[in-house]
Amino acid sequence: IYIDNRLPIDRTVQVTAVIADIRSHIRDLDIAVTDKRDDANVNVALVRDRDLSRTIRNLYGLDRARRIQRSLEPQCLSGFRKDESSRILHSDVIIVGDAGDFVFYDCLYEELLQALGPINDDKTVPWTMFNDDVQMGFFDIYDQYLLNILYNRRVKPGMTRSEVRVLLPEVLPEVRAWVDVNNKAKP
């Protein structure tokens, strides 16, 4: 992950800490920060609130940026490109860094995690950060389950929903046990 800090203050330390937190909570995910943009497959741009629209336009072009801003009215944004097997090739994350700490951390966790795969928000599940009506500011247990299932070594890019459903009885108990131990949860 490459961090492009465009803020008057440097928030690289906070982003690096969130990345380390995410890494520590997803068992089979190998992520790290790099200081070379060309080595990264995730770019995180930290921008001022007043620069968000321009940054989206620069990244996605005028027409697509207008559609994004009309449909989402984003405070922050992530997106990725994938190959024909649904493997993520590159992700871009835009985070507003001057709208307060809660918004910063809420956006940072949600957009970084969405850049790893679960890109669509879902209003039907009230206990996930992937519901735009929910704001957490941290990586909750339920979302740890989701990401640990997604990054389990047996779950492969391009698998169908039914193929993953067949694996879930094997994967889910293992994921639950690992997440619980990793979070020092009581039985």
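The values are calculated or read from the model by the stated rules, or taken from the named source; none is laboratory data. Note that this is a predicted model, so its numbers are computed, not measured. We place every Cβ from the backbone using ideal geometry, glycine too, and count neighbours over all the protein chains shown. These area figures cover heavy atoms from the full protein model, side chains too; ligands, DNA and RNA do not enter into them. Shrake-Rupley method; radii C 1.70, N 1.55, O 1.52, S 1.80 Å.
Computed values, structure above
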| item | result |
| --- | --- |
| Percent accessible area from carbon and sulfur atoms, the chain, protein chains only, probe 1.4 Å | 50 |
| Calculated semi-axes √(5λ) of the Cα gyration tensor in Å (choose from (1) 56, 25, 17; (2) 28, 19, 17; (3) 63, 13, 10), label | (2) |
| Nearby aspartates and glutamates by direct alpha-carbon distance to residue 184 (threshold 19 angstrom, same-chain neighbours under 8 apart not counted) | 21, 28, 140, 143, 174 |
| Principal axis dimensions, the range 40-116 - Cα atoms, whole angstrom, descending | 38, 27, 21 |
| With Cα atoms, 0 to 90° folded angle of helix 62-72 axis to the chain main axis | 60 |
| Degrees, to the nearest 10: 101-115 long Cα axis against longest axis of the chain | 60 |
| Principal-axis tilt of helix 141-150 within the chain, Cα atoms, nearest 10 degrees | 80 |
| Qualifying aspartates and glutamates (Cα of each under 13 Å from Cα of residue 36; at least 8 residues distant if same chain) | 4 |
| Relative packing of peptides 5-12, 105-112 - highest average C-beta neighbours within 10 Å first | 105-112, 5-12 |
| Solvent exposure of the range 54-98 as accessible area per residue, Å², 1.4 Å probe | 63 |
